[in-house]
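Read through the structure below, which is laid out as structure tokens, and then see the notes.
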Amino acid sequence: MAAEAPLAPRNKASLATARVVPAVLVLIVAYVTYVVIGPLTINYLLNAPQHVRPRIATGIATPIVWLFLLIPVAATYLRLLLVVLRDPGYVPQGDDESKKEPPPDFSMRDVFVCDSNGHPIWCYYCRNWKPDRAHHNQDVGRCTLKMDHFCPWVGGVVGERSLKFFIQFLFYSMVLCTYLTALMAFFVHETLHRNSNIHFCVALGLGAFFLLFTLGMVVTTVQYAGMGWTTIEQAGRGNTIHLAILLPPELQAALNGSVPTAPPSALSRGNNHFTSELDDPSHSSYFSNTNTKNWALRRASRSEFWRGTITYPLTLPTDRPPLPAPQPRAFAILETPPGMNPWDLGSTSRNLTAVFGTKLHHWVLPVRHSPCCDHSSDVSFYPLGPQFEDFLEDAGLVQSAPPRSAGKDSYGRGSTVSEKRRRKRALERGWQHGERPDGWWMEKEERRRRKEERRRAREEGRDGDVVR
Ligand SMILES: [Zn+2]
């Protein structure tokens with residue numbers, strides 16, 4: 001079936017465009033700089049024509065302001081080109097044509113994007129597994145992490161490593177274009193009744209065009225970044241996403257007790273290493289025949305979002321000396337409702353901070369990469385937001401986080417903490433920081449914990465009596 005090696009197709013026309021357009025952009029800026037310094041400053045303001053008084057101060061200030069505004073544009077553009085041409089966040093290309101076991105990079109995290117079978121998404125062209133939010137781009141023939149869009153103006157793909165510099169470049173360009181448009185509009189208007197300098201009119205046209213263009217781009221890109229979407233995700237926001245979510249310890253135990261090992265029919269399929277219990281029709285779902293006695297698992301499996309479970313590792317390698325078997329990790333496969341964004345961190349400022357950074361100089365200078373480029377968390381590739389927490393609750397995997405003992409009641413019931421304050425606290429901690437929040441308790445586990453707390457409280461009280 002997959003006999004011919006898939007060659008990542010590249011759209012040569014748009015790649016060539018992407019190589020030419022930056023050079024054109026540099027030429028345009030060089031021309032406008034010439035207009036500001038030559039025809040405007042030297043020939044018009046300093047060496048004024050007849051009937052016009054020379055304006056020395058304006059003549060000195062005008063090119064200085066221009067160059068001052070040009071510096072951040074040039075700096076962000078160079079940084080952007082460097083990142084885009086070298087590595088905007090490409091996913092490595094595999095050299096194997098067939099899918100094998102996904103690397104533990106996926107299954108050792110608690111949450112990852114998967115297909116309806118619970119496997120990570122496979123890119124046929126790159127011959128590799130796609131991490132969350134990675135997208136394959138036909139123009140460059142590569143998968144890019146958190147790809148935003150293909151941009152010919154910057155010569156390639158805008159992804160997680162280049163989005164910040166892209167927005168900075170757009171913003172500084174917008175400021176520069178505003179200055180150029182205002183400047184040229186003033187002097188075109190001033191020279192209107194004489195014969196206007198043709199260079200002024202061309203510069204005004206260029207300034208106005210790029211002002212509108214950059215303004216539109218800044219508004220949409222910042223808006224999407226503030227909502228926690230990429231441009232591509234925003235375009236397909238009606239779609240659903242399958243997520244593999246690690247089952248809480250209690251359900252792990254309940255499930256792994258009854259997990260069938262890989263069926264023999266699957267093991268004897270010769271060189272097809274890619275077997276999982278879910279590939280075998282007899283194990284399409286553990287929960288269609290509710291053979292588990294665990295009521296929490298049964299309840300979770302009745303959720304409308306539930307699509308089954310998968311246990312990693314899918315197969316144990318047979319060509320190595322026997323080692324202690326790795327700990328099995330069972331995941332629930334859930335399908336999100338359309339339009340849900342698990343990576344929306346709950347507020348515009350949080351989402352923008354994930355792109356720009358926490359300090360002012362992170363926002364202003366094109367030096368550091370975005371905080372969202374850090375994938376060291378064991379929980380997920382990208383921090384997860386309150387929509388994800390609500391989703392877990394709706395799917396019956398997690399009970400709402402017990403309010404922390406605000407009053408006398410140590411186990412939360414009858415607490416005076418309002419829903420609003422609880423939501424606020426949920427934003428402050430947990431998934432957004434790559435940590436498991438307190439809500440990662442199953443009800444039964446939670447009850448056990450409360451019971452334990454009460455018992456301890458009772459014992460302490462008795463001890464106190466004895467001492468007294
Ligand atoms: Zn790809």
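The values are calculated or read from the model by the stated rules, or taken from the named source; none is laboratory data. Being a predicted model, the structure only gives us computed values, none of them experimental. Because the Cβ atoms are built from the backbone with ideal geometry, glycine has one as well, and the counts that use them run over all protein chains shown.
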### Query
Could you list, in sequence order, the residues of region 327-384 that are among the β-branched types (Val, Ile, Thr) and outside any helix (DSSP H, G or I)?
333, 336, 358, 367, 379
### Message
Looking at the structure I just gave you, is residue 135 closer than 30 Å to residue 77 by Cα, within 16 Å of the ligand (Cβ to nearest atom) and not aromatic (Phe, Trp, Tyr)?
### Response
yes
### Failed item, numbered, when residue 355 is tested on (1) surrounded by fewer than 17 Cβ atoms within 10 Å (Cβ to Cβ); (2) modelled with pLDDT of 90 or more
(1)
### Summary
Scanning region 75-104 for residues that are more than 30 Å from residue 312 (Cα to Cα) and either touching a residue at least 12 places away in the same chain (Cβ under 8 Å) or in contact with a strand residue (DSSP E or B) (Cβ under 7 Å, 6 or more places away or on another chain) (or both) gives 75, 76, 77, 79, 80, 81, 83, 84, 85, 87, 88
### Query
What's the number of the condition residue 164 fails, among (1) surrounded by 21 or more Cβ atoms within 10 Å (Cβ to Cβ); (2) near the ligand (Cβ under 10 Å from one of its atoms)?
(2)
### Query
Do we have residue 186 as aromatic (Phe, Trp, Tyr), in a helix (DSSP H, G or I), more than 14 Å from the ligand (Cβ to nearest atom) and without any contact (Cβ under 8 Å) to a residue 40 or more places away in the chain here?
yes
### Summary
In region 215-242, residues that are in contact with a Pro (Cβ under 7 Å, 6 or more places away or on another chain) and farther than 22 Å from residue 137 by Cα total 0
### Query
So residue 142 clears everything in (1) of a type in the set (Lys, Arg); (2) buried (at least 21 other Cβ atoms within 10 Å of the Cβ); (3) away from the ligand (no atom under 16 Å from the Cβ) except one condition, right? Which one?
(3)
### Message
When the residues of region 132-171 are narrowed to those that are outside any strand (DSSP E or B) and among the small types (Gly, Ala, Ser), which ends up modelled with the lowest pLDDT?
### Response
155
### Summary
Only unsatisfied item for residue 177, checking (1) closer than 26 Å to residue 24 by Cβ; (2) surrounded by fewer than 16 Cβ atoms within 10 Å (Cβ to Cβ), is (2)
### Summary
Given (1) without any contact (Cβ under 8 Å) to a residue 40 or more places away in the chain; (2) assigned to a helix (DSSP H, G or I); (3) not hydroxyl-bearing (Ser, Thr, Tyr), residue 174 misses just (1)
